[in-house]
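Working notes for the structure below.
Throughout, read-outs are computed from the coordinates displayed, never taken from laboratory work. The structure displayed is predicted, hence computed values, not measured ones. All Cβ positions, even for glycine, are placed from backbone atoms using ideal geometry, and neighbour counts span all protein chains on display.
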Amino acid sequence: MATKTQATPLFLLLSLLLILLKTTVAHRGGIAIYWGQNVSEGNLTALCDTGRFAYVNIAFLDVFGNGQTPLINLDGHCNPATNGCTIFSEQIRHCQKKHIKVMLSLGGLVGNYFLTSKADAKNVSRYLWNNLLSGKSSNRPLGDAVLDGIDFYIEQGSSLYWDDLARYLHHFSRKKFYNNPCQSNTTSLLNSWAIWVKSVKARLFFVGLVALPLPPGPNAGTDVTPSGFIPANVLESQVLPVVKSSKKYGGVMLWNAFWDVQDGYSTTILSSVV
């Protein structure tokens, strides 16, 4: 189930994700997972020790922009008001020592975030650089660990100035992660994949999926359920053979760690993704 602070991001479920990394990445697929919105999902150390994930998106920084003091929301994992989320600094480094990229996700379905101008976007980018990436600050919400990049999970408000924020972050760190609207079936998903891989200048693309078929519906057992869930056998037989033929294939993204614990989706698909 979705947590009390974040509704189910159903329209993200079949999104195409692109990631542009400064570092060189070997051409093999990996699984990206969202973590941070259900305390029952466990901690980052345990997540990374499973050996199933190449990327972890910490969700969410959901208050920022318009001069607001940015605030991270990790549901029941920690209390940012008392600097409680700094306990994850060592866990982030633990993941990175295992060569897992750890990103911060901006936005979500709830929260209070929007950008009012290019100057506002630049100020937010400076905050992210100094407090979460390679800059210097005495008020880093996740401690002194240096994250590998920023994930854009923008679900509300105006569409203005996000490109400016991405551009400023690119200038600082050359590491970005985007999501885009969903597709309703495997055919439209693969058509969108072909268009994006050809038209967008990016090194790697990811296919975004949900890790659990919620809510159940009349199309359960077909190629795509109403929630956007693609059964593992359909993913392995219809989607991955096509997307893996691209030199820009990076892997898949799963929402989210808690759902994955319930169904073991990442375990089922791992050998087919890599």
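Worth a mention:
- With θ taken as phi - 60° and the Karplus curve 6.51 cos²θ - 1.76 cosθ + 1.60 applied, the whole-hertz 3J(HN,Hα) list for region 41-46 is 7, x, 9, 5, 4, 5 Hz, x standing for glycine and proline.
- Pairwise centroid distance, computed over Cα atoms, of region 250-274 with region 73-110, Å: 20
- Of the trypsin sites (Lys or Arg not before Pro) found in region 124-174, those in coil by DSSP whose Cβ has at most 13 other Cβ atoms within 10 Å are Lys136, Arg174.
- Taking Lys and Arg as +1 and Asp and Glu as -1, the other residues whose beta-carbon sits under 14 Å from that of Leu254 total -3.
- Within the shell defined by Cβ-Cβ distances under 9 Å, the residues around Tyr168 carry a net charge of +3, with Lys and Arg each +1 and Asp and Glu each -1.
- Length gained when the stretch Thr267-Lys247 is fully extended (0.36 nm per residue, less Cα-Cα span): 4.8 nm
- For peptides 55-67, 80-92, sequence by mean Cβ density within 10 Å, most packed first: 55-67, 80-92
- Footprinting exposure proxy for His77, His170, His99 (fewest neighbouring C-beta atoms within 10 Å first): His99, His170, His77
- Less than 5 angstrom separates the built amide H of Val210 from those of Ile230, Trp255, all sequence-distant by 5 or more or on a different chain.
- Taking amide H atoms as placed 1.01 Å from N in the peptide plane, the amide H of Tyr249 lies under 5 Å from those of Phe205, each 5 or more residues away in sequence or on another chain.
- Cα gyration tensor category, rounded, prolate or oblate, for region 109-148 with a/c compared to 1.5: oblate
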